[in-house]
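Here the structure is laid out as structure tokens; the discussion comes afterwards.
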Amino acid sequence: MKFGGTSVGSAERIQNVANLIADKGKNIIVLSAMAGTTNTLVEISDYLYKRNIDGAKETINNLEKKYRATIDALYSTDAARQEANTEIKACFNYIRSLTKDIFTLFEEKEILAQGEIMSTVMMNLYLHEKGIKSELLPALEYMKTDKNGEPDNHYIRQRLNNLLDKHAEADLYITQGYICRNAYGEIDNLQRGGSDYSASLIGAAISAEEIQIWTDIDGMHNNDPRFVENTSPVEKLNFEEAAELAYFGAKILHPTCIQPAKLNNIPVRLLNTLDPSAKGTLIGNDSIHTAIKAVAAKDNITAIKIKSGRMLLAYGFLRKVFEIFESHKTAIDMVVTSEVGVSVTIDSEKNLDNILEDLRKFGTVTIDRDMVIICVVGDLEWQNRGFEAKAIEALKDIPVRMISYGGSNYNISFLIRKEDKIKALQLLSSHLF
């Protein structure tokens, strides 16, 4: 059972989660850092990179003050408060110890790890105060990546199961999401959104019956509730549909979370901490046929068109284009081709100037910024008549820059202008659901 930052974002929320997990049987509980903590730790690291020690220390003090207030509100006994304050103070003193020397990426990762360490310590002590037999399993003792930065699944399985055997008497196990050690034994992390990934890797390592991702919304909705009224949770998705939605903007689930669960055929259930009785969304290898399930949107997209008359019918053209993006470590989202050109989209402009410079060797290059990919997900096999026509009909009054269909059996994507996003989401909702 994984709980995100908002689910443990205050003393009251931590108490709610503790009540929720207390009667659910033997489980591993994966926690993120308290909401806002990771961003503050990034801010502290930023001050230290800039050698602004005073700014870093002031930010550390403010964050520690917030934790002390949470501890005061969370525990009902002085003994528990004192123990929690001692543990949390040790974490903040460790962060302070990193403000003295040269600051590098290694120190930053050690600082970022403290958020999850503190939330799990506080939860474990609160469960003890409630009389629940819980055991803290430090993620840094079993969660490890290899030299390619990929999870070392054999190591994770072996070390985690040894820890569980060692503490077999516990009712609940509390562990950190997001953090790990790399192949060289240094503290590292699974990138942003990594707590979902941690839960999925842990579920795969212990052959769990189910992986539950608890957030503050009741499952994956069929559209974005921030922009569209009367959206509803999708009851069932298969792994491919969920992966498409997660990649194309459905923020409730991190895309990397899907793979370990899918490969080990472990269902993933998305549930709401604020409404535990809600059904949520169940993701598995089963599929509901001939249905469109949901719509998602991905912002900050840049479209690049490369047009080349001399490349007419020339083989090798696409290879050369894609090699440019590969050499600049930039992923492509959508691709459409014609006889004399190709259009692609990217979601990062980090290396855009260098990419454009290299592309201009092969033809005329034009770009469109501030675009949005709208992704329609469901059973979209080409034999199913009319589904793509329904989506296109819904967007008949919206200018569409690109359409991608047929690359997957589960997705049709439209590239539109940012200013048309909300209208497009609303039109698709009214036409499709």
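The values are calculated or read from the model by the stated rules, or taken from the named source; none is laboratory data. None of these values were measured; they are calculated from a predicted model. Here Cβ is always computed from backbone atoms with ideal geometry, including for glycine, and neighbour counts include all displayed protein chains. Accessible surface areas use protein heavy atoms only, side chains included; no ligands, DNA or RNA. Shrake-Rupley method; radii C 1.70, N 1.55, O 1.52, S 1.80 Å.
The table below lists the values:
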| quantity | calculated |
| --- | --- |
| Some residue of the stretch 201-219 being touching a helix residue (DSSP H, G or I) at 6+ places or on another chain (Cβ under 8 Å), in a helix (DSSP H, G or I) and either closer than 13 Å to Leu253 by Cβ or not aliphatic (A, V, I, L, M) (or both) | yes |
| Identity of the residue in the stretch 64-103, of a type in the set (Val, Ile, Thr) and free of Cβ contacts under 8 Å to residues at least 12 places away in the same chain, that ends up nearest to Ala11 (Cα to Cα) | Thr86 |
| Matching residues in the stretch 20-35 - criterion: being open to solvent by 30 Å² or more (accessible area, probe 1.4 Å) and touching a helix residue (DSSP H, G or I) at 6+ places or on another chain (Cβ under 8 Å) | Ala22, Asn27 |
| Candidate set: the stretch 262-292, residues that are assigned to a strand (DSSP E or B) and open to solvent by 20 Å² or more (accessible area, probe 1.4 Å); chosen: the one modelled with the lowest pLDDT | Ile292 |
| Index of the failed condition, Ala243 passing every other in (1) over 11 Å from Ser200 (Cβ atoms); (2) in a helix (DSSP H, G or I); (3) in contact (Cβ under 8 Å) with a residue 24 or more places away in the chain | (3) |
| Residue list for the stretch 189-222, filter: among the acidic types (Asp, Glu) and modelled with pLDDT of 95 or more | Glu209, Glu210 |
| Filter result (under 21 Å from Gly4 (Cβ atoms), in contact (Cβ under 8 Å) with a residue 60 or more places away in the chain and outside any loop (DSSP other than H, G, I, E, B)) within the stretch 29-63 | Ile29, Val30, Leu31, Thr37, Thr38, Leu41, Val42 |
| Residue match in the stretch 190-198 (condition: more than 18 Å from Ala296 (Cβ to Cβ), touching a strand residue (DSSP E or B) at 6+ places or on another chain (Cβ under 7 Å), surrounded by fewer than 24 Cβ atoms within 10 Å (Cβ to Cβ) and not acidic (Asp, Glu)) | yes |
| Selection status of Tyr247, of a type outside the set (A, V, I, L, M) and either surrounded by 24 or more Cβ atoms within 10 Å (Cβ to Cβ) or under 12 Å from Val268 (Cβ atoms) (or both) | no |
| Unique residue being open to solvent by 10 Å² or more (accessible area, probe 1.4 Å), closer than 16 Å to Leu41 by Cβ and not aliphatic (A, V, I, L, M) when the list is Lys144, Lys130, Lys57 | Lys57 |
| Residue within the stretch 116-128 that is free of Cβ contacts under 8 Å to residues at least 24 places away in the same chain and of a type in the set (Phe, Trp, Tyr) present | no |
| Odd one out for Leu237 among (1) on the phi > 0 side of the Ramachandran plot; (2) outside any loop (DSSP other than H, G, I, E, B) | (1) |
| Test set (1) open to solvent by 70 Å² or more (accessible area, probe 1.4 Å); (2) more than 30 Å from the chain's Cα centre (by Cα) - Tyr94 fails condition number | (2) |
| Elements of type strands (runs of 3 or more DSSP E) contained in the stretch 356-433, each with 2 or more residues being open to solvent by less than 20 Å² (accessible area, probe 1.4 Å) and either under 25 Å from Ser338 (Cβ atoms) or not aliphatic (A, V, I, L, M) (or both) | 364-378, 411-417 |
| Which numbered condition Gly249 fails, given (1) outside any strand (DSSP E or B); (2) at pLDDT 85 or above; (3) of a type outside the set (Val, Ile, Thr) | (2) |
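Results for (1) closer than 26 Å to Leu112 by Cα; (2) crowded, with 23+ Cβ neighbours inside 10 Å; (3) in contact (Cβ under 8 Å) with a residue 12 or more places away in the chain, shown as yes or no for each residue.
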{"site": "Asn153", "(1), (2), (3)": "yes, no, yes"}
{"site": "Asp165", "(1), (2), (3)": "no, no, no"}
{"site": "Ala168", "(1), (2), (3)": "no, no, no"}
{"site": "Gly177", "(1), (2), (3)": "yes, yes, yes"}
{"site": "Gly185", "(1), (2), (3)": "yes, no, no"}
{"site": "Ala205", "(1), (2), (3)": "yes, yes, yes"}
{"site": "Glu209", "(1), (2), (3)": "no, no, yes"}
{"site": "Thr215", "(1), (2), (3)": "yes, yes, yes"}
{"site": "Asp224", "(1), (2), (3)": "no, no, yes"}
